[in-house]
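Below is one structure; the comments refer to it alone.
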Amino acid sequence: MKRITIIIIACLATTLTLRAGITTYTFTSTQWASRVGESVCDGTTDGWHCDMAASEYSAGRTDAQGRLYSCGVSVKTGTSGAGATSVKTFTNVRRIVVNFCQNSSKGRGIIYFQIGTNAVDSLVITKPATSGSGVYNRDSTLVLSTPKSGQIRFWIRCTENAINLSSLTIRSQDGNSPVFTQSTYQLVTDISQITDSDQIIFGVADGVTNQIMGYYDEMVSVNNIHAISGRYNSERTMVAGNDNAIYTVLLYEDTATHETVYVFQDELRYEEAYLVANGGRTKNKLTLWTDVTSRSYGDYGLWRMSIAADGAAEIENCGTSERKYLQYNAQDQLFGCYATPNSQTHVALYREVQAPASTDAVIVAPMVNFGNPIVGDTPLHGSKTIEVNAMNLNADIQASLKQGEVFSLSSTRIDQDGDNLTIEYTVSSAGKYIDTLVLQSGETRLEVSILLNAIRELSIAEAVQSEDFELVTLNPVVVTKKYDKYIFIRDESGSMLIFNSTNPATGKPYGQGLESGHRLSGVTGRFVNYYGVPEVQPTAAWTVAPQKESVLPEVVGTTIDSADVCRYIRIENVAVDGATLTYAGQTYPLLDAFSTGLPSGTLSRLEAIVMIVWDELQLWHISNETATGIEDTESAESAATRRSSNSYTILGQPVDSHYHGIIIRQGKKEIQ
């Protein structure tokens, strides 16, 4: 999945003479042969002269998270002193970044640098901070307080195990490439300009409204998505980037019509969530769903699009909702879906493009999003280190926070060419926390959003009261039964379903190898009430306890209804005739979902999972036996009393002795 990095740039009007750039050499052999980007160095006009060859070379590989490991030229203790001298002379070198790795837990020494005839500088390489993490490449930066010029010579003295050097990045006045490029959001005037994975902002195509489409927030976006302030240029050809307004557009081919259809993904805030129109005939609903690309919900997440030369976009939903045209409602200042394409104001799309590097003084840093950590009974601490980049500044960068109540900074001063900055937080309760990081050097200023949504673990009874697609993390739960993608779980408060999906980090299902009795911790995902079935669609891997627990079925009363959905139950004195079960005078569909074979006859004890499929309550058979002589049968009265304290309806309402929700009788639904 493509990750979004938001950068905001502040510029000075004056132009400076110094133009910093970077040159990155990636080493490719024990002789320190190298390449710059895709260009291979020839060793005559660029590249490096080998002073002392290293012992080994490994191309390494990239893991599922995009991390390099075991990559580079290896200098072991027996080959200490290995290094090379650059062919090229560099002017005004201010920093050198070394990308390296070690073995799993060892590797230390010193990397020496000499630029021209200047004094020697050094970087100390220590053991990995965390045991086992040394295999992953990481950066170490040499910052020079005074710029130096000349050929660059380096050599490595390894004192333990090995240091594997992958690349050197040199910032100098005559670097090969700009330090960074700045992104802008430009008006789309032809549909052909949209490419897969473009980052876009929805604007308003009336030429005057300074609003853009925000994101789905259940606190303010009930059936629509709220408008937020946008900064357009005078010609309306560009809009400023805003981390609360960016979506990813994905292109698909409709296999039936072979036309191109579009999906709008909100991956910055929700990752696996997509814009959908599902208001039917009565609502202008524009909201978020998951898994729409598999069409498991129909075509509500797929859109057709055409764009006029003036940028007015007609965006039509492919689903069956009659309100299907995405437009801006000027009266209510929101974005929603409407029955006809011209009933409201057309939207305009602005796509992110990379502009040439700035020649002015700039500061660049990513938005800081701590995600959704879990807070418990003790204060929660966390930190994240970001890279602050800068160019053409005359003074160091002052770092500060606008509020500083939750977040703190590792430093209030950053080098004028940039450096790493660590942001920490401490919270004691769940909630959304927001602050602003301010970076300023002279008149050059940058403001960066800091976001934290601390959550607490929920019981199943609490989780089922969530809104659709709300991110939830459950208390430890136990697997009762597993069938294909259906993982049934329970805790002391109730039962629900994990609808299994693929872990993008491994390419394998999250629930691989799970069995009844496995206790899961850290189950996190989007809650969905899927036609009466409360389920979590996982977004992260959970922890499985090494020992399985004994899982016994729960005894129900005389009525099985929607409050029992996902429960692993036991009932007695039943009669089975084909695919129909009769219990306490009521009939229910009986399915062989677990391929156990359906029983027949009467006087059987039967174990099953209760499910609702397309509004029909069903029992999924697990096992059965003759009930004669059983002495531990619980009375209907005591079962009903016990159930009233830990059961819920499909709407998440507790079930008491006066309300039993929806009951299935002879195939008809009745409300009691």
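The values are calculated or read from the model by the stated rules, or taken from the named source; none is laboratory data. Every value quoted in this text rests on a predicted model; they were computed, and no experiment measured them. In this analysis, Cβ positions are derived from the backbone assuming ideal geometry, glycine residues included, and neighbour counts consider all displayed protein chains.
Tabulated data for the structure shown
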quantity	calculated
Residues that are among the hydroxyl-bearing types (Ser, Thr, Tyr) and within 33 Å of the chain's Cα centre (by Cα), drawn from the stretch 73-105	Ser104, Ser105
Where a residue in the stretch 495-515 is surrounded by 12 or more Cβ atoms within 10 Å (Cβ to Cβ) and its partner, wherever it lies, is polar (S, T, N, Q), with Cβ under 6 Å and at least six apart	Phe499/Gln537; Pro509/Asn500; Pro509/Thr502; Tyr510/Asn500; Tyr510/Asn503; Gly511/Asn500
Among the candidates Val555, Val551, Val565, residue that is of a type in the set (Val, Ile, Thr), crowded, with 19+ Cβ neighbours inside 10 Å, in contact (Cβ under 8 Å) with a residue 60 or more places away in the chain and touching a strand residue (DSSP E or B) at 6+ places or on another chain (Cβ under 6 Å)	Val565
Some residue of the stretch 618-631 being among the hydrophobic types (A, V, I, L, M, F, W, C), more than 40 Å from the chain's Cα centre (by Cα) and either assigned to a strand (DSSP E or B) or surrounded by 19 or more Cβ atoms within 10 Å (Cβ to Cβ) (or both)	no
Residue in the stretch 51-58 that is within 15 Å of Thr169 (Cα to Cα), assigned by TED's automatic domain parsing to the domain that holds Asn164 and touching a residue at least 60 places away in the same chain (Cβ under 8 Å) present	no
Some residue of the stretch 500-507 being part of a strand (DSSP E or B), modelled with pLDDT under 95 and either in contact with an Asp or Glu (Cβ under 9 Å, 6 or more places away or on another chain) or outside the structural domain of Leu286 (by TED's automatic domain parsing) (or both)	yes
Test result for Asn242, of a type outside the set (Lys, Arg), crowded, with 17+ Cβ neighbours inside 10 Å, modelled with pLDDT under 90 and under 26 Å from Leu286 (Cα atoms)	yes
Some residue of the stretch 466-476 being under 18 Å from the mean Cα position of the chain (by Cα) and farther than 22 Å from Trp289 by Cβ	no
Candidates Glu447, Glu467, Glu462 - the one that is surrounded by fewer than 21 Cβ atoms within 10 Å (Cβ to Cβ) and part of a loop (DSSP other than H, G, I, E, B)	Glu467
Which listed residue, of Arg108, Arg61, is of a type in the set (Lys, Arg), within 29 Å of the chain's Cα centre (by Cα) and surrounded by fewer than 19 Cβ atoms within 10 Å (Cβ to Cβ)	Arg61
Residue that is nearest to Glu457 (Cα to Cα), among those in the stretch 392-401 that are at pLDDT below 95 and surrounded by fewer than 19 Cβ atoms within 10 Å (Cβ to Cβ)	Asp396
Top-ranked residue in the stretch 521-532 [being of a type outside the set (Phe, Trp, Tyr) and surrounded by fewer than 19 Cβ atoms within 10 Å (Cβ to Cβ); ranked as nearest to Asp468 (Cα to Cα)]	Asn529
Residue within the stretch 110-122 that is at pLDDT 90 or above, under 23 Å from Ile414 (Cα atoms) and β-branched (Val, Ile, Thr) present	no
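Every residue, every condition in (1) surrounded by fewer than 19 Cβ atoms within 10 Å (Cβ to Cβ); (2) in a strand (DSSP E or B); (3) free of Cβ contacts under 8 Å to residues at least 24 places away in the same chain, yes or no:
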{"position": "Ala390", "(1), (2), (3)": "no, yes, no"}
{"position": "Gly404", "(1), (2), (3)": "yes, no, no"}
{"position": "Ser411", "(1), (2), (3)": "yes, no, yes"}
{"position": "Thr426", "(1), (2), (3)": "yes, yes, no"}
{"position": "Ser429", "(1), (2), (3)": "yes, no, no"}
{"position": "Asp435", "(1), (2), (3)": "no, yes, no"}
{"position": "Val438", "(1), (2), (3)": "yes, yes, no"}
